[in-house]
Each structure stands twice: as structure tokens, then as C-alpha cells.
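Following: one structure in C-alpha cells, then a few remarks.
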Amino acid sequence: MALTQTNLEESIPLIARGKVRDVYSLSDNSLLFVATDRISAYDVVMKNGIPNKGKLLTALSEFWFSLLSDICPNHFISSSLDNLPENVRPYIDQLKDRSMIVKKLKVFPVEAIVRGYITGSAWKEYKKHGTVHGIEVPKGLKESDAFENPLFTPSTKAEQGEHDENIHPDRMVELVGEKYAKKIEDLALALYIKARDYAAGRGIIIADTKFEFGLDENDQVVLVDEVLTPDSSRFWLASKYEVGKGQESYDKQYLRDWLTSNGVDGIPGVEMPVDVAENTSQKYLEAYELLTGNKRGSS
């Protein structure tokens with residue numbers, strides 16, 4: 001059964017409910033991130049959830065935080081329920097395997113998107129204007145072509161129910177300042193390249209992904225939120241990759257396709273059929289197992 005909302009407010013303050021995560025305040029310098037089974041597509045949250053999705057997102061993010069820690073510090077403190085205060089213990093059933101204690105940081109108002117391949121909104125813009133986020137790219141590219149070098153293409157960070165806006169890197173400088181914009185771009189590209197090379201060894205292409213960053217008390221840029229999950233990335237099976245068409249993805253593409261084919265994309269309050277939810281859940285599980293090499297039960 002999917003968990004679409006947690007209810008801990010009687011014990012600790014709720015700060016926000018995002019598209020997926022419920023965020024609670026634990027202390028002056030720490031937060032409790034709880035990944036629910038909510039799923040959004042076209043910036044709209046579905047009425048029902050994807051079984052075990054939050055647990056898979058949490059496990060995969062923890063895996064990547066560890067693997068990428070040599071490139072960039074991150075906000076992860078612990079996923080152990082033993083580190084939670086006593087007054088939260090009655091809610092353990094809601095929190096098990098889907099919670100992270102993280103550092104409380106000032107989060108930059110941008111999403112740091114890195115694209116290794118031209119697909120999605122980048123492909124749509126390219127067909128119309130020959131650009132990606134306003135950036136000139138080579139002519140003659142086909143759908144799903146690899147860029148010669150990964151492309152940094154930021155977007156604004158929208159509130160729930162609103163739409164992210166693709167922006168040129170120069171616009172990000174205006175939003176966060178030149179010093180931080182350069183650091184965010186450099187870190188995002190380095191993180192993507194290490195993850196891309198690791199995933200390639202597991203037979204997975206990371207077509208694109210988005211990172212988020214915060215700022216700590218020492219003026220250090222820190223990796224936050226989730227990392228390289230099917231919610232934030234496009235994963236393609238390398239053995240099935242073929243230039244010139246859209247690729248089958250280990251992400252929410254199955255749901256997007258169902259929404260589009262039924263003419264309900266972007267409409268709030270849509271309830272997925274059971275088979276769509278279960279098939280999407282299976283995609284998330286396959287992505288986790290392929291990337292980590294770990295087998296995971298259905299609990």
C-alpha cells in the first residue's frame with residue numbers, strides 16, 4: 001500500500017510538503033526528510049501513489065551521496081531511526097526506510113540540470129529554435145543524440161503546482177550571483193560525469209539529471225535534496241539505446257505516456273489505474289537494482 005502523506009505534526013513541526021517529500025524540523029540545524037510514495041508528472045501530483053517509491057528513492061539517494069562524497073559535501077546525516085527523538089517514535093511505521101536526517105541549509109532557488117543527451121524539453125526546444133535553454137548547440141542533432149560534452153542547463157525551482165522554467169546559465173548568475181553560479185555549474189558537471197561513468201559500467205545511460213545545492217555556515221556549496229533517482233533523472237538501458245527516437249526510460253515516463261495518451265497530462269487530481277502504478281513501481285525497483293547491484297524485496 002502506498003503512503004502518500006505523513007502525519008507527525010503533533011510531535012515535530014512540519015515545514016513543507018513538496019511534490020514527494022514531507023519535511024519536518026528536528027532542531028535548529030537539522031531536518032527530517034520523509035520520502036512519501038507521491039508521484040508528480042507535468043508538475044502535478046497524482047491522487048494516488050506508487051507503492052514503495054519513497055523507500056527506493058531514499059535508498060538510492062543514500063547510495064549516491066556515499067559514492068559522490070569525494071566530489072561534493074552533502075546534507076545527509078543519517079537514515080537510522082535510532083537517531084530520532086523519543087516523541088517521534090510512535091510514527092516509526094510511517095518513517096521506516098523512507099527517512100533521512102539532513103543538515104538544515106539555505107537552498108539555492110535553482111535546479112542544476114546536466115544533460116548528456118538531447119531529449120525531453122531540450123529536444124523540443126532544439127527542434128523549434130536550434131538551441132537548448134537558449135544555448136547554441138551543433139546543428140544536425142537527432143533525438144537522443146549524445147552531446148559532445150555534458151551541457152549545464154539550469155531551471156528555476158518552482159513551488160508545488162507551478163512550473164519550472166528552463167533558463168540560460170546567464171540568468172542563473174542573476175539569481176544566485178556569479179561566485180555561486182560558477183561553483184554550482186562546476187560541481188553539477190563533475191557529479192554528473194562521475195555518476196555517468198559509474199552507471200555506464202552497470203549498463204545504464206544517464207541521459208540527464210538535476211541536482212540541487214545549498215549553502216552552509218562556512219559559505220560552502222553543499223549537495224542537497226535527492227540525488228540521481230528516477231524522479232530526478234532519465235535512465236536508459238544501454239543495450240536498447242538507439243539514436244533518432246525516444247528511449248524507454250527507468251523513470252516516470254511510463255506514467256507520462258499514460259497521462260498523455262489519455263489526455264489528462266497537467267490536470268490535477270488524476271488517479272492512476274492500479275496497473276500503471278504497479279508498472280511504474282517496477283521501473284523504480286529495476287533502476288535501483290541495476291544501479292546499486294542490490295536486490296530489494298517488496299517491503
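The values are calculated or read from the model by the stated rules, or taken from the named source; none is laboratory data. The structure presented is a predicted model; accordingly, all values stated were derived computationally and were not measured. Here the Cβ is made from the backbone with ideal geometry for all residues, glycine too, and neighbour counts use every protein chain on show. The area values use the complete protein model at the heavy-atom level, side chains included, leaving out ligands, DNA and RNA. Shrake-Rupley method; radii C 1.70, N 1.55, O 1.52, S 1.80 Å.
In the set E271, E242, E226, E248, only one residue is within 19 Å of the chain's Cα centre (by Cα), open to solvent by 50 Å² or more (accessible area, probe 1.4 Å) and not hydroxyl-bearing (S, T, Y); that residue is E248. M1 fulfils the conditions (1) within 23 Å of T229 (Cβ to Cβ); (2) open to solvent by less than 30 Å² (accessible area, probe 1.4 Å); (3) among the hydrophobic types (A, V, I, L, M, F, W, C); (4) in a loop (DSSP other than H, G, I, E, B) except for a single criterion, (2).
A search for C-beta distances below 6 Å between a residue of region 42-55 that is touching a residue at least 12 places away in the same chain (Cβ under 8 Å) and any residue that is surrounded by fewer than 21 Cβ atoms within 10 Å (Cβ to Cβ) and among the acidic types (D, E), counting only pairs 6+ apart in sequence or on different chains, returns Y42/D265; K47/E271; N48/E271; K55/D97. Figure legend. Inter-residue proximity from region 192-214: first residues surrounded by 18 or more Cβ atoms within 10 Å (Cβ to Cβ), second residues basic (K, R), beta-carbon distance below 7 Å, spacing 6+ or different chains. Indicated pairs: I206/R196; A207/R234; D208/R115; D208/R234; G214/K106. Scanning region 62-104 for residues that are open to solvent by 40 Å² or more (accessible area, probe 1.4 Å), among the β-branched types (V, I, T) and not in a helix (DSSP H, G or I) returns I71, I77.
Figure legend. Inter-residue proximity from region 105-129: first residues closer than 21 Å to T260 by Cβ and open to solvent by 30 Å² or more (accessible area, probe 1.4 Å), second residues hydrophobic (A, V, I, L, M, F, W, C) and part of a strand (DSSP E or B), beta-carbon distance below 7 Å, spacing 6+ or different chains. Indicated pairs: Y117/A146; Y117/F147; Y117/A207; E125/V132. Screening the candidates A59, A16, A41 for the property of being open to solvent by less than 10 Å² (accessible area, probe 1.4 Å) and among the small types (G, A, S) yields one hit, A41. For region 176-184, check the following and say yes or no: at least one residue is over 25 Å from G18 (Cα atoms), in contact with a strand residue (DSSP E or B) (Cβ under 7 Å, 6 or more places away or on another chain), open to solvent by 60 Å² or more (accessible area, probe 1.4 Å) and not β-branched (V, I, T). Yes, region 176-184 contains a residue that is over 25 Å from G18 (Cα atoms), in contact with a strand residue (DSSP E or B) (Cβ under 7 Å, 6 or more places away or on another chain), open to solvent by 60 Å² or more (accessible area, probe 1.4 Å) and not β-branched (V, I, T).
Among the residues of region 269-287, write down those that are farther than 13 Å from Q253 by Cβ and hydrophobic (A, V, I, L, M, F, W, C). Within region 269-287, V270, M272, V274, A277, L285 meet the criteria.
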